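Peer 1: Could you have a look at this structure, given as structure tokens, before my questions?
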């Protein structure tokens, strides 16, 4: 499994946590930061997925 897939998953989890914390505390900056990190994680995961597929030759 490509490193980007695991790092992407971590970023998604961390981003979701920040987003929720921001909503609960009313901290819009934290909420937005969490959304951004979550989306970066999704993209990073897709990059890792593509690299894995390329290695498999599909």
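Peer 1: Considering 34, 22, 45, which residue is within 8 Å of the chain's Cα centre (by Cα) and touching a residue at least 12 places away in the same chain (Cβ under 8 Å)?
Peer 2: 45
Peer 1: Report yes if some residue within the range 1-18 is surrounded by 15 or more Cβ atoms within 10 Å (Cβ to Cβ), outside any helix (DSSP H, G or I) and either without any contact (Cβ under 8 Å) to a residue 40 or more places away in the chain or more than 11 Å from the chain's Cα centre (by Cα) (or both); otherwise report no.
Peer 2: yes
FYI, it's all coordinate maths here, none of it is from the lab. Everything numeric here is computed off the predicted structure, so don't read it as measured data. Note that we place each Cβ from the backbone using ideal geometry, even for glycine, and neighbour counts take in every protein chain shown.
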